[in-house]
2 protein chains.
Amino acid sequence: MNKSIDSLIKNNLSGKVLEDFNRIYYGKKHHSVLVLDSTNELDFEIAGYSLPAEKEQLRQPRIVRLGLIQHSIVLTTDSPIIDQRQAIFDKVRNIINAAALEGVQILCLQETWSMPFFLCTKERTKWGEFAESAEYGPSTLFLSELAAKYKMVIISPILEVDDEGVWWNTAVIINEKGEYIGKHRKNHLPSVGSFSEMSYYCPGNTGHMVFDTKYAKLAVNICYGRHHALNWLMFGLNGAEIVFNPSATISEFGETFWGIEARNAAIANNYFTCSINRVGKEEFTVGSENNITRSYYGSSYITAPDGCRTPSLSKTRDGLLITEIDLNMCRQLKDQWGFSMTSRLDMYAENLISYITNHCTNNQ
Amino acid sequence: MNKSIDSLIKNNLSGKVLEDFNRIYYGKKHHSVLVLDSTNELDFEIAGYSLPAEKEQLRQPRIVRLGLIQHSIVLTTDSPIIDQRQAIFDKVRNIINAAALEGVQILCLQETWSMPFFLCTKERTKWGEFAESAEYGPSTLFLSELAAKYKMVIISPILEVDDEGVWWNTAVIINEKGEYIGKHRKNHLPSVGSFSEMSYYCPGNTGHMVFDTKYAKLAVNICYGRHHALNWLMFGLNGAEIVFNPSATISEFGETFWGIEARNAAIANNYFTCSINRVGKEEFTVGSENNITRSYYGSSYITAPDGCRTPSLSKTRDGLLITEIDLNMCRQLKDQWGFSMTSRLDMYAENLISYITNHCTNNQ
């Protein structure tokens with residue numbers, strides 16, 4: 001259960017058979033592996049790949065190093081909140097230090113990275129102190145310092161509480177000077193089986209903003225938003241070159257297609273997608289007697305616009321996935337496939353309006 | 001090069017490792033294999049699977065047997081057109097006879113199944129006699145007889161010429177009485193690399209019709225249309241339970257994501273998708289000297305709304321993929337995932353209109 005497809009394949013196929021598998025499954029016979037400076041003595045997995053583009057005549061390559069972090073919580077969920085958060089900060093600082101050593105320029109953390117994912121408990125009050133300001137909360141302050149120190153753009157998905165006390169599921173964008181430059185609020189909220197986030201916060205009201213950072217134009221599609229093709233599409237229309245999908249998802253909720261959806265979005269929209277999922281088991285005591293346990297399967301990976309993807313990080317270990325990309329690939333694939341030219345968006349805008357008119361009025 | 005992922009895996013993994021691979025890759029540890037009556041002496045591959053749904057209290061299962069046919073051309077492309085077509089008819093009749101024996105109720109053929117895919121030649125005049133009427137052309141007449149004989153709904157993708165002499169890339173729908181009940185014209189035309197269909201016909205003008213047949217509500221998304229998320233979405237909004245994707249595609253054009261896009265669409269839209277690609281090598285003499293060769297990689301497969309999929313047919317052989325599905329799974333997954341409830345279509349309709357207004361007027 002704890003083996004990923006990647007490790008199953010690597011451990012059981014070899015030679016020509018492995019090459020054939022890799023060519024179809026990942027999009028290339030051999031992974032281009034980065035040489036990393038970090039030692040093997042780290043207490044987390046570190047892996048590095050390269051997804052290069054074709055050389056062009058008029059443009060220089062636009063090489064960027066991305067870093068994705070997946071991590072488990074550290075203390076039990078009944079520990080003091082400030083201790084739980086600090087322990088996560090300490091762990092993540094350690095991984096970010098390694099990312100800096102490897103030259104990572106844009107780094108993204110998992111959904112609500114600075115807390116256990118208590119949203120499965122249906123409880124609210126006792127966990128409320130994990131909610132924080134996007135602009136000046138502890139996670140933003142903590143990461144701003146590291147962002148400035150390492151000249152790194154950092155995407156920090158948190159549980160936000162705004163000045164009116166309203167909660168949001170939010171990704172904060174911090175630039176390479178350590179400045180808060182904006183936020184994206186999760187556009188689509190899950191209500192899947194017995195799990196629902198709808199009692200905690202509303203669907204996002206920040207649209208599909210693309211952040212024009214020093215290193216790339218980037219956007220964030222938080223967790224369940226990956227199921228909605230139009231969410232991915234709008235980020236693309238707005239000019240995103242990279243879309244991050246920070247998540248917190250368990251194997252019962254579609255591990256089978258964890259490798260499908262973000263990869264499909266990269267192909268359809270001619271941009272890079274970065275899939276991040278937390279790892280580890282989280283146990284909660286709900287009310288006086290009930291226990292809820294949820295195990296996250298990690299498997300973070302990156303897909304290029306040509307459909308090629310990296311192997312996944314582990315299903316169980318903390319990890320840092322570093323990938324060197326060339327942003328030129330976005331336009332190259334746009335030119336190759338012609339999806340924008342053939343998209344007929346005017347027809348679809350009309351179709352959606354007719355559909356809404358026919359299904360959502362009192363005339364029905 | 002001629003091995004599919006499916007055969008690589010089946011021939012090289014076993015036991016627990018194979019089960020683990022299958023669980024993540026296909027969505028289940030073991031494929032549910034249908035017992036077939038057909039002998040092994042057929043000159044094409046035949047494979048049968050089952051993709052069952054949960055039992056319900058109020059609804060009976062709605063079991064349907066689907067059949068997909070992938071096939072190569074028979075005669076060289078310089079043979080008389082009537083002979084080329086007749087040879088394909090003879091081959092396909094043989095496969096449909098086997099499908100009937102196995103109880104197939106809805107059958108779909110590959111894109112422009114009754115001709116070589118000459119659209120790669122950029123030539124028009126000399127191939128024009130392959131174009132035929134959707135309503136009363138030879139392919140429709142040929143299949144209508146078999147449809148009536150076997151009480152089979154048949155989807156017949158052809159090169160259509162209408163009464164004004166205009167060409168279309170069209171799928172004809174024939175009901176179980178052998179009656180023509182409608183057609184769908186390809187909504188998005190490829191212009192990929194040096195390959196383009198745009199000089200042959202226009203993008204379809206038949207919208208996203210769903211055909212309410214005796215066995216299921218079905219729709220057709222022809223070939224390149226699988227790259228467009230909104231195309232898949234509209235078929236779903238219009239009530240499709242199964243969407244067929246008859247194709248003619250070569251490995252340079254995205255074999256890496258042949259398994260991704262239609263599967264993603266099945267998950268996102270809570271319906272079954274059926275991916276069909278032709279097989280074999282097709283050689284054309286263009287002008288007086290040039291030769292064009294294109295090899296199709298088959299690999300037809302079916303995905304259920306829960307993301308589980310069948311293995312693929314071969315990359316090289318003619319084949320019949322039979323799959324027994326339960327249409328109840330569509331609503332079950334709609335209920336499970338809540339995508340319709342969380343889709344925010346009104347927001348996206350507005351977004352698309354703003355985008356079009358900002359990018360497609362002379363004010364820019």
(request) Kindly provide the set of residues from the range B:313-364 that are farther than 23 Å from A:G254 by Cα, open to solvent by less than 30 Å² (accessible area, probe 1.4 Å) and among the small types (G, A, S), ordered by number. (result) B:S314, B:G319, B:A349
(request) Name every residue in the range B:39-57 that is within 24 Å of the chain's Cα centre (by Cα), open to solvent by 20 Å² or more (accessible area, probe 1.4 Å) and more than 30 Å from A:K3 (Cβ to Cβ), in order of residue number. (result) B:L42, B:D43, B:E45, B:I46
(message) Looking at the range B:45-82 only, could you name the residues that are without any contact (Cβ under 8 Å) to a residue 60 or more places away in the chain and of a type outside the set (S, T, N, Q)?
(response) B:K55, B:L58, B:V74, B:L75, B:P80, B:I81, B:I82
(request) Only residues that are in contact with a Leu (Cβ under 7 Å, 6 or more places away or on another chain), part of a strand (DSSP E or B) and more than 20 Å from A:H71 (Cα to Cα): list them for the range A:24-57, please. (result) A:S50
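Would you pick out the residues in the range A:8-44 that are among the small types (G, A, S), within 10 Å of chain B (Cβ to nearest Cβ) and without any contact (Cβ under 8 Å) to a residue 40 or more places away in the chain? Write out each step before concluding.
Initial filter on the range A:8-44 (among the small types (G, A, S)): A:14-15, A:27, A:32, A:38.
Still in the list and also within 10 Å of chain B (Cβ to nearest Cβ): A:14, A:27.
Residue satisfying the conditions is A:S14 alone.
Sort out which residues of the range A:342-358 are more than 7 Å from chain B (Cβ to nearest Cβ) and modelled with pLDDT of 95 or more, and write them in order of number. Walk me through how you get there before you give the answer.
Of the range A:342-358, the ones more than 7 Å from chain B (Cβ to nearest Cβ) are A:347, A:350, A:354, A:357-358.
Residues satisfying the conditions are A:M347, A:E350, A:S354.
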(message) Every residue in the range A:2-23 that is open to solvent by less than 20 Å² (accessible area, probe 1.4 Å) and assigned to a helix (DSSP H, G or I), please.
(response) A:I5, A:D6, A:L8, A:I9, A:D20, A:F21, A:N22
(request) Could you look through the range A:213-265, keep only residues that are surrounded by fewer than 24 Cβ atoms within 10 Å (Cβ to Cβ) and among the basic types (K, R), and pick out the one that is farthest from the other protein chains (Cβ to nearest Cβ)? (result) A:K214
(message) Condition first: more than 10 Å from chain B (Cβ to nearest Cβ) and at pLDDT 95 or above. Now tell me which residues in the range A:183-196 satisfy that.
(response) A:K183, A:H184, A:R185, A:K186
(request) Test each condition in (1) closer than 30 Å to B:A99 by Cα; (2) away from chain A (no Cβ under 11 Å); (3) in a helix (DSSP H, G or I) for B:L333 and report the one that comes out false. (result) (2)
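Somewhere in the range A:331-348, is a residue assigned by TED's automatic domain parsing to the domain that holds A:E54 and at positive phi?
Within the range A:331-348, the subset assigned by TED's automatic domain parsing to the domain that holds A:E54 is A:331-348.
From what's left, at positive phi: A:338, A:344.
Yes, the range A:331-348 has at least one match.
Given the criterion in contact with a Leu (Cβ under 7 Å, 6 or more places away or on another chain), away from chain B (no Cβ under 14 Å) and closer than 26 Å to A:T77 by Cα, identify the matching residue among A:Y136, A:Y200.
Numbers: A:Y136 fails: in contact with a Leu (Cβ under 7 Å, 6 or more places away or on another chain).
Criteria check complete, one pass: A:Y200.
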(message) If a residue must be within 21 Å of the chain's Cα centre (by Cα) and not aromatic (F, W, Y), how many such residues does the range A:5-26 contain?
(response) 2
(request) Write out, first by first residue and then by second, each pair whose Cβ atoms fall under 6 Å of each other, whose residues are 6+ apart or on separate chains, and whose first residue, in the range A:304-327, is assigned to a loop (DSSP other than H, G, I, E, B) while the second is β-branched (V, I, T). (result) A:G307/A:I267; A:G307/B:T256; A:T310/A:I302; A:T310/A:T323; A:T316/A:V279
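B:H208: over 15 Å from the mean Cα position of the chain (by Cα), within 10 Å of chain A (Cβ to nearest Cβ), buried (at least 18 other Cβ atoms within 10 Å of the Cβ) and closer than 28 Å to B:M329 by Cβ, yes or no? Give the derivation first.
Values: over 15 Å from the mean Cα position of the chain (by Cα): yes; within 10 Å of chain A (Cβ to nearest Cβ): yes; buried (at least 18 other Cβ atoms within 10 Å of the Cβ): yes; closer than 28 Å to B:M329 by Cβ: yes.
Against the criterion (over 15 Å from the mean Cα position of the chain (by Cα), within 10 Å of chain A (Cβ to nearest Cβ), buried (at least 18 other Cβ atoms within 10 Å of the Cβ) and closer than 28 Å to B:M329 by Cβ), B:H208 qualifies.
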(request) Return only the number of the condition from (1) under 30 Å from B:G207 (Cβ atoms); (2) out of contact with any His (no Cβ under 9 Å at 6 or more places or on another chain); (3) part of a loop (DSSP other than H, G, I, E, B) that A:L352 does not satisfy. (result) (3)
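The values are calculated or read from the model by the stated rules, or taken from the named source; none is laboratory data. Note that the coordinates shown come from a computational prediction; the quantities given were computed from them, not determined experimentally. Note: ideal-geometry Cβ built from the backbone for every residue, glycine included; neighbour counts use all protein chains shown. Each accessible area value is taken on the protein alone, full model and side chains, heavy atoms only, with ligands, DNA and RNA left out. Shrake-Rupley method; radii C 1.70, N 1.55, O 1.52, S 1.80 Å.
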